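What follows draws every value from the coordinates through simple rules; no lab data is involved. Please read all numbers here as calculations on a predicted model, not as lab measurements. Here the Cβ is made from the backbone with ideal geometry for all residues, glycine too, and neighbour counts use every protein chain on show.
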Amino acid sequence: MSLLQVRGLQAGYAGSQVLFGIDFEVDNGEVLTLLGRNGMGKTTTVKCLSGLLKPAGGTIEFNGQQVQRSPAYRIGRAGLGLVPEGRQVFPTLTVRENLIATASTRNAGARPWTLERVFELFPRLRERTSQPAGKMSGGEQQMLAIGRALMTNPKLLILDEATEGLAPLVRQEIWNCLAQLKQEGLAMIVVDKHLKALLPLANRHVIIEKGRVAWSGSGAELTGQPELVHRYLGV
């Protein structure tokens, strides 16, 4: 059984429909990307998965339970960790306070995520333990947002615009960390525009076009069809 199954997902805002029957699934330990131009429905899908937006139709089954009507905190407790677009760290709290604010061992496995383990993954956060998050760089805030999500010990980690607005060196550091998380068997959904970095990271890719799944397949299949990249991802 898949860790996450999305079937016929429909959603929108104030009477304007955005999603028109999205279908995909994520297995344990798998990395899936949601690809597509801006405004195609990727973030709306993420909001539905995390409980921030109630779907108008369809089902979301996570870890064996249907959660499409569950509030965000229950989905979080079930093991879904979110790194939201724009990072949304608590600016007046220190790095340490951000990390422990929502920490939980409810879904912890043999190697639970702790402060020390997050600091091993992101040494820069250790150096800034007592610094208010609002005074950190964008890259450091993104590391903190990822660390905060990991401290909930998620079964599935979702990253919306994983490296948006980051400098190339910091972006590469984030990709290296995500590759390490994949090696450790953490299931992930990654939304990002940098296809070159996503291809070796992900097991499968889903292209969303105008609220529908236009294509899904492996990195090798996507690389072998450059017309798809041009049609759905080109600018």
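At a Cα cut-off below 28 Å, give the lysines reachable from Lys155, other chains included and same-chain residues fewer than 8 away excluded.
Lys42, Lys47, Lys54, Lys182, Lys193, Lys196
What is the Cα centroid distance between segment 212-235 and segment 1-48, reported in whole angstrom?
Using only Cα atoms, the two centres lie 17 Å from each other.
Give, in nm to one decimal, the length gained when the segment between Arg37 and Thr105 is fully stretched (0.36 nm per residue of separation minus the Cα-Cα distance). Let's see the in-between values first.
On the way: separation 68, 0.36 × 68 = 24.48 nm, distance 3.64 nm.
Fully extending the segment from Arg37 to Thr105 adds 20.8 nm.
Around Val170, with a cut-off of 15 angstrom between Cβ atoms, what is the net charge of the other residues, counting Lys and Arg +1 and Asp and Glu -1?
Net local charge, Val170 excluded: -2.
Around Ser2, with a cut-off of 9 angstrom between Cβ atoms, what is the net charge of the other residues, counting Lys and Arg +1 and Asp and Glu -1? Before the final figure, lay out the partial values.
Details: positive: none; negative: Glu25, Asp27, Glu30, Glu61.
Local charge sum for Ser2: -4.
Starting from the Cα-Cα distance between Ser16 and Glu127, subtract it from 0.36 nm times their residue separation and give me the gain in nm to one decimal. Write out the running numbers ahead of the final one.
Working: separation 111, 0.36 × 111 = 39.96 nm, distance 4.59 nm.
Length gained between Ser16 and Glu127: 35.4 nm.
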